[in-house]
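> Before we start, here is the structure in question, set down as structure tokens.
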Amino acid sequence: MTVTKELQDTIQAMAVRGKGILAADESTNTIAKRFADIGAESTEHSRCCYRSLLLSTPKLGDFISGVILFEETLEQSCSIDGTPIPHLAQSQNIVPGIKVDKGLTTLANCPGEQVTQGLDGLRERLTRYKSAGARFAKWRNVYHIAENTPSQRALTINAEMLARYAALCQEQGIVPIVEPEVLINGSHDIDSAAVATEAAIQTLYQALYRHGVVLEHTILKPNMVVPGKDNGTKVSSEQVADYTLKVLRRAVPAAVPMIAFLSGGLSPAKSDAYLSAINQQEAPWVLSYSYGRALQQEALHAWGGKEENWQEAQETLYRRAALTGAAQRGAYRPEMENTD
Ligand code: 13P
């Protein structure tokens, strides 16, 4: 199969109405924090059990078309029946993908800003990940809103890294998810979030163009445009949809097939309400989800690190995935939260 056909097939399998991506690619440090919240210890075995639980949820493929895995998980086997995790995903009609960046470090000469690492040796790692079953990848940049940030220097450097990653992925027949996340931390208003998000995305597409990345074979994973979490102003779902779509229409070429939002610390109900409002408007892209916390949070608590809660956790995940799938179709209503 040609690389182009491979990339096209992967996009086609992922950009499906009523479905989206489950981000289950927390780094070892991040998952340890999530497990600490439920009083569970983070070990290679407990992480494997939890991620096996997620991916063996009956009929998860009804609402999930792709899953982002962490490197460790890509090489693990299901704690129940020993199926390699990527095969478990495939058996549910879920495309396996992999987080390939190596996390954040501070950016020299840019106080308060960060850059994402992981380009060294990436070509070789991608070959290995592909043999293990990964068909798409993810790289996340972050931008902090404060008085003097994000700076043009941080925007440009980070965009350049994302573009180099994306070009390498496409060379290997792996669809790159490009994630320029403007963080929700801070007390900024929604207008500042819109300005920073537009700058981050505009700068990214200039870099993707410079590096010859084929936009039709990429997925954008942006934040929704919302006020900072310490801002205090209430916004409606319609306002979030208006702001978010205004930014995306200005900054994202129509050739991009799929935009899959991150949840970024928003509650599951808010993430779904906003996504649903976004999907009530016309747009040239499939507008979907690639949620980590918003999809997993309730299931993680239902599990609580205990084997006896396995089934309840799976039912909880299925229910949230169904609500999020409805949001992708613009059909989520807050009343649907209380149907038990
Ligand atoms: P959240 O939805 O929890 O923000 O996670 C998505 C993600 O993959 C961040 O890189």
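The values are calculated or read from the model by the stated rules, or taken from the named source; none is laboratory data. Just so it is clear, the structure is predicted and the values come from calculations on it, not from any experiment. Methodologically, a virtual Cβ is constructed for each residue, glycine included, from the backbone with ideal geometry; neighbour enumeration extends over all protein chains shown. Heads up: the accessible areas ignore ligands, DNA and RNA and are worked out on the full protein's heavy atoms, side chains in. Shrake-Rupley method; radii C 1.70, N 1.55, O 1.52, S 1.80 Å.
> Report relative contact order for the range 218-339 in percent, whole number only (criteria: Cα-Cα under 8 Å, sequence separation at least 6). Can you show the working numbers first?
Values: 163 pairs, mean separation 32.1, N = 122.
The normalised contact order for the range 218-339 reaches 26 percent.
> Compute the accessible area per residue over the range 1-102, keeping the other protein chains in place, probe 1.4 Å, unit Å².
Values: 4250 Å² over 102 residues.
Dividing the accessible area of the range 1-102 by its residue count gives 42 Å².
> Give me the aspartates and glutamates in straight-line cross-link reach of LYS19: C-alpha distance below 15 Å, same-chain residues under 8 apart excluded.
Reachable aspartates and glutamates: ASP62, ASP272.
> A further question follows. Just to confirm, what accessible area per residue do you get for the range 175-217 at 1.4 Å probe, in whole Å²?
On the way: 1570 Å² over 43 residues.
Here the residues of the range 175-217 average 36 Å² of exposed surface.
> What lysines could a cross-link reach from LYS33, if we take a straight Cα to Cα line under 19 Å and drop same-chain neighbours fewer than 8 places away?
Here the lysines satisfying the reach criterion relative to LYS33 are LYS99, LYS102, LYS306.
> Would you please name the GluC sites (Glu not before Pro) within the range 239-326 that are DSSP coil residues with at most 10 other C-beta atoms within 10 Å of their C-beta? All intermediate terms of the calculation are to be shown ahead of the outcome.
Values: sites: GLU282, GLU298, GLU307, GLU308, GLU312, GLU315; in loops: GLU282.
Passing sites in the range 239-326 are GLU282.
> Tell me which trypsin sites (Lys or Arg not before Pro) from the range 191-246 have a DSSP coil assignment and no more than 15 other beta carbons within 10 Å of their own.
Details: sites: ARG210, LYS229, LYS234, LYS246; in loops: LYS229, LYS234.
Answer by residue number: LYS229, LYS234.
> So, one more: Identify, among VAL115, ILE174, LEU162, the residue whose Cα sits farthest towards the positive end of the charge dipole of the range 114-175, taking +1 on the Cβ of Lys and Arg and -1 on the Cβ of Asp and Glu, with the dipole about the Cα centre.
In the range 114-175, that residue is ILE174.
> Once you keep just the Cα pairs under 8 angstrom separated by 6 or more residues, what percentage relative contact order results for the chain? Intermediate values should be presented prior to the final figure.
Numbers: 675 pairs, mean separation 62.4, N = 340.
The value is 18 percent.
> Rounded to the nearest 500, what is the 222 nm mean residue ellipticity of the chain from helices alone, with -39500 (n - 2.57) per DSSP H run of 4+ residues and division by all residues? Intermediate results must be reported in sequence, preceding the final value.
On the way: 12 runs with 152 residues, N = 340.
Counting only the DSSP helices, I get -14000 deg cm²/dmol.
> State whether the chain is rounded, prolate or oblate according to the following rule on the C-alpha gyration tensor (a ≥ b ≥ c being the square roots of its eigenvalues): a/c under 1.5 gives rounded; otherwise a/b larger than b/c gives prolate, and the remaining case gives oblate. Could you put the intermediate results ahead of the total?
Details: a/c = 1.38, a/b = 1.14, b/c = 1.21.
The shape class here is rounded.
> Could you give the dipole magnitude of the chain about its Cα centre, charging the beta-carbon of Lys and Arg +1 and that of Asp and Glu -1, in debye to the nearest 20? Let's see the in-between values first.
Values: 33 positive and 38 negative charges, 137 e Å.
Dipole about the Cα centre, nearest 20: 660 debye.
> Further, regarding this structure: How large, in percent, is the carbon and sulfur part of the accessible surface of the range 283-330 at a probe radius of 1.4 Å? Don't skip to the answer; put the middle values down first.
Details: 810 of 1820 Å².
So the carbon and sulfur contribution to the accessible surface is 44 percent.
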